[in-house]
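In what follows, a structure is listed as structure tokens, so that the remarks can point back to it.
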Amino acid sequence: MKDVIFKGVATALITPFKNGTIDYEAFARIIEDQIAAGVDALVVAGTTGECSTLTDEEQFDEIEFVVKQVNHRVPVIAGTGSNDTRHGINLCKGACERGADALLIVTPYYNKTSQRGLIAHYNALADASTKPIIVYNVPSRTGMTILPETYVELAKHPMINSVKEASGNLEKIKLAVEAANGELNFYSGNDDQIVEIMEMGGLGVISVLSNVLPKEAKELTESMLNGDCEKAKSMQNKYMPLIKALFSDVNPIPVKEAMHMLGYCEQEMRMPLIPMEDEKRVALKSELIKAGFNL
């Protein structure tokens, strides 16, 4: 088993915007509240952070800001994925230079590649990185999936440490965990499958829900790590309607709306993402109220 980057919950942070630029004042407040709630790690410039519409300069500035704000209190994991291996190498090097503790790297998208191409791509990025890499499997966004036998090959590189599994296919995830045979650490990439993936041996979740409910997400994963599966299942079931509301539109549109409702940020995102429809917004607000928020 390779060294563990974190156990429990890592929040996939939103990127707050104001008048078209990153709102670092709002960002600092979000980070402080996340750490105060006890989260185990923070992910910056991931999908939920709208990395696709950040310039490289913005992405590096954002990573550097989060690293400095966190100041070693929890691991900072930086998103550095690209469908261009050369560009990905530059992102990896830049994030490492700015102090990220680990890198989250999605599979190539649109142009995609073969399974052999995946191995070559990730090995090239891992060769360029001085920090451990979390491979991110999310076929719904990328149009491709990582096969169990490919995980076996990826695990051979000392810098390829972990997997964020968001395929949603629990049968295939189980096969992948078994094939990796302890040589990779697995995390759930879906808030509605935290319990199931941790039952397979997963160490936690990279979470959207924890933007809104960091204490509760921490308690859920901690319950699983402590062997209290029934409590964790009960909590996951309790918050399932909110989880569904947070994914009722393209992520991060709903969680950005929720964080705006909670007073953390402006109701601003970058196109092609646009605000939620009124019907979905009303439903999201209702679930937030049911979860205990006074809105």
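The values are calculated or read from the model by the stated rules, or taken from the named source; none is laboratory data. The model shown is predicted, which means the values in this text are computed figures rather than measured ones. Here the Cβ is made from the backbone with ideal geometry for all residues, glycine too, and neighbour counts use every protein chain on show. The area values use the complete protein model at the heavy-atom level, side chains included, leaving out ligands, DNA and RNA. Shrake-Rupley method; radii C 1.70, N 1.55, O 1.52, S 1.80 Å.
Grab the Cα-Cα distance for Asn181 and Glu32, subtract it from 0.36 nm times how many residues apart they are, and report the gain in nm with one decimal.
Going from the current span to full extension adds 50.0 nm.
May I ask you to compute the full-extension gain from His87 to His157, defined as 0.36 nm times their residue separation minus their alpha-carbon distance, rounded to one decimal in nm?
Working: separation 70, 0.36 × 70 = 25.20 nm, distance 2.03 nm.
Stretched out fully, the His87 to His157 stretch lengthens by 23.2 nm.
With every protein chain left in place, what is the accessible area per residue of the stretch 1-120 in square angstrom, probe 1.4 Å?
Details: 5090 Å² over 120 residues.
About 42 Å² of surface per residue is accessible.
Just the accessible area per residue of the stretch 175-258, please: how many Å² with a 1.4 Å probe?
Values: 3030 Å² over 84 residues.
On a per-residue basis, the stretch 175-258 sits at 36 Å².
Run down the aspartates and glutamates and flag those whose C-alpha is under 17 Å from the C-alpha of Lys68, throwing out any fewer than 8 positions away in its chain.
Hits, sequence-local ones excluded: Asp23, Glu25, Glu32, Asp33, Asp40, Glu57, Glu58, Glu97, Asp101.
So how strong a dipole does the stretch 150-281 carry about its Cα centre when Lys and Arg Cβ are +1 and Asp and Glu Cβ are -1, to the nearest 20 debye?
Working: 14 positive and 21 negative charges, 27 e Å.
Charge dipole of the stretch 150-281: 140 debye, to the nearest 20.
Distance check, please: which entries in Lys18/Lys215; Lys7/Lys156; Lys7/Lys238; Lys164/Lys244; Lys18/Lys256; Lys164/Lys233 exceed 18 angstrom between their Cα atoms? Don't jump to the answer; show the numbers that get you there.
On the way: Lys18/Lys215 27 Å; Lys7/Lys156 22 Å; Lys7/Lys238 22 Å; Lys164/Lys244 20 Å; Lys18/Lys256 13 Å; Lys164/Lys233 20 Å.
Distance filter (> 18 Å) returns Lys18/Lys215; Lys7/Lys156; Lys7/Lys238; Lys164/Lys244; Lys164/Lys233.
Using the Cα centre as the reference, give the magnitude of the dipole from point charges on the C-beta atoms of the chain (Lys, Arg: +1; Asp, Glu: -1; all else neutral), rounded to the nearest 20 debye. Write out the running numbers ahead of the final one.
Values: 29 positive and 40 negative charges, 60 e Å.
In debye, rounded to 20, the chain gives about 280.
DSSP loop trypsin sites (Lys or Arg not before Pro) in the stretch 124-210 with at most 14 other Cβ atoms within 10 Å of their Cβ, which ones?
Numbers: sites: Arg141, Lys156, Lys164, Lys172, Lys174; in loops: Lys156.
In loop regions of the stretch 124-210 (DSSP not H, G, I, E or B), the sparsely surrounded trypsin sites (Lys or Arg not before Pro) are Lys156.
When the accessible area of the chain is computed with all protein chains present and a 1.4 Å probe, what percentage of it is carbon and sulfur? Kindly include the intermediate steps, with their values, before the conclusion.
Working: 6220 of 12620 Å².
About 49 percent, which is the carbon plus sulfur part of the accessible surface.
Check cross-link reach from Lys174 to the aspartates and glutamates: straight Cα distance under 15 Å, and skip same-chain residues fewer than eight apart.
Within the straight-line limit of under 15 Å, Lys174 reaches these aspartates and glutamates: Glu149, Glu165, Glu183, Glu196, Glu199.
Quick one: Cα centre-to-centre distance for the stretch 122-144 and the stretch 34-87, in angstrom?
15
Label points 7 Å out from Cα along the Cβ direction at Phe293 and Leu225: separation in nm?
Roughly 2.5 nm, to one decimal.
Counting only helical runs of four or more DSSP H residues, what would the 222 nm mean residue ellipticity of the chain come to if each run contributes -39,500 (n - 2.57) and the total is spread over all its residues? Show your work: numbers first, answer last.
Working: 13 runs with 139 residues, N = 295.
Taking each H run of at least 4 residues, the total per residue is -14000 deg cm²/dmol.
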